[in-house]
Amino acid sequence: MFELLAKRLIAPQVWRFTLRAPGLAAKRQAGHFLILRPTADSERIPLTIVSSDPVAGSVDIIFQVVGATTRALAAIPEGGTIHDVAGPLGHPTHIENYGTAVMIGGGVGIAPLLPIAQAFHAQGNRLLTILGGRSQEFLILEDDLKPVSDSLLIATDDGSRGQKGLVTDVLRTLLEKEKINLVMAIGPVVMMKAVAEMTRPLKIKTMVSLNPLMIDGTGMCGVCRCKVAGKTRFACVEGPEFDAHEVDFDSIRRRLGMFKAEERKRMDAGKVA
């Protein structure tokens, strides 16, 4: 059992939890994730380790309530327990000084972007950060990202904050004005694909953190398989970060779409509370 030390609603249906997990806190690096089950009967879900405090023995996660498992997780009170947590999982982000790097986060994809941006900043990179959301109320972690960003730009679908439009609209302007050495994009699949197609002709190194379905997080089940450079890769043990120009985003969208369709069927049948 893992104690929930603190919980805070940071955007509509988006929670930040602090868990007591000394082992994870001691070993976690940027890019790592964990897999947890709120209860013994829950599904296993992967979540990014947003931050850690090795002294306090705690880690922070951020998640959006979208289905039965995340609803069960959100319902746990402070002082309550999460049934099991496994991690840290995945490859940590490769960090080096590239020069000028653009960090792009969309929606809850901003959560995994934070520790990566902090690590790139610590390595001496000049960071141009772009955050996007449906509206200003869905923007998260802006105050956390400001200290590590040389420039922080905002895009919202409705124009309630920053530039009206998409993160790719902001990126296009930066690419016209700046010499960019690296782009890191995390968010909806359609956004990551659009970023990849924008940087491909410019031959700018572009990395994405994939979010395929996962179950065990150890490469045994194969659910997280994705196509990269024409080969099947397991995001849980070989990722979650890959070269964006080699990723088959359409296959990922199809697999995620199958899951969402099945979830809707379960809800229509009254099998999901």
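The values are calculated or read from the model by the stated rules, or taken from the named source; none is laboratory data. None of the values given here were measured: they were computed from a predicted structure. Cβ atoms come from the backbone with ideal geometry, glycine included; neighbour counts cover every protein chain shown.
Out of Ala111, Ala86, I need the residue that is of a type in the set (A, V, I, L, M), farther than 20 Å from Met198 by Cα and not in a strand (DSSP E or B). Which one?
Going through Ala111, Ala86 in turn, the sole match is Ala111.
Only one residue in Gly67, Gly31, Gly105 is within 18 Å of the chain's Cα centre (by Cα), touching a residue at least 40 places away in the same chain (Cβ under 8 Å) and in the same structural domain as Leu174 (by TED's automatic domain parsing). Which one?
Checking each option against the conditions leaves just Gly105.
Is segment 122-142 home to any residue that is β-branched (Val, Ile, Thr) and under 22 Å from Val66 (Cα atoms)?
Checked against the condition, which is being β-branched (Val, Ile, Thr) and under 22 Å from Val66 (Cα atoms), segment 122-142 yields at least one hit.
Which condition from (1) closer than 17 Å to Gly187 by Cα; (2) polar (S, T, N, Q); (3) at pLDDT below 85 is the one that Ser209 breaks?
The single condition Ser209 does not satisfy is (3).
Per-residue answers, yes or no, for (1) in contact with a His (Cβ under 9 Å, 6 or more places away or on another chain); (2) part of a loop (DSSP other than H, G, I, E, B); (3) surrounded by fewer than 22 Cβ atoms within 10 Å (Cβ to Cβ):
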position	(1), (2), (3)
Ala40	yes, yes, yes
Glu43	no, yes, yes
Val59	no, no, no
Ala72	no, no, yes
His94	no, yes, yes
Tyr98	no, yes, yes
Ile104	no, no, no
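Of the conditions (1) touching a residue at least 24 places away in the same chain (Cβ under 8 Å); (2) assigned to a strand (DSSP E or B), Thr232 satisfies every one except a single condition; which number is it?
Status for Thr232: all satisfied but (1).
Per-residue answers, yes or no, for (1) in the same structural domain as Ala229 (by TED's automatic domain parsing); (2) outside any strand (DSSP E or B); (3) within 18 Å of Asp248 (Cα to Cα); (4) not charged (D, E, K, R):
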site: Ile154; (1), (2), (3), (4): no, no, no, yes
site: Arg161; (1), (2), (3), (4): no, yes, no, no
site: Asp169; (1), (2), (3), (4): no, yes, no, no
site: Glu176; (1), (2), (3), (4): no, yes, no, no
site: Ile180; (1), (2), (3), (4): no, yes, no, yes
site: Met184; (1), (2), (3), (4): no, no, yes, yes
site: Met192; (1), (2), (3), (4): no, yes, yes, yes
site: Met198; (1), (2), (3), (4): no, yes, yes, yes
site: Pro201; (1), (2), (3), (4): no, yes, yes, yes
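Looking for whichever is touching an Asp or Glu at 6+ places or on another chain (Cβ under 7 Å), closer than 28 Å to Leu139 by Cβ and in a strand (DSSP E or B) here; the options are Leu36, Leu47. Which one fits?
Going through Leu36, Leu47 in turn, the sole match is Leu36.
List every residue pair whose Cβ atoms sit under 8 Å apart, with the two residues 6 or more apart in sequence or on different chains, where the first one lies in segment 116-136 and is at positive phi and the second, anywhere, is at pLDDT 95 or above.
From residues that are at positive phi, the pairs are Gly124/Asn97.
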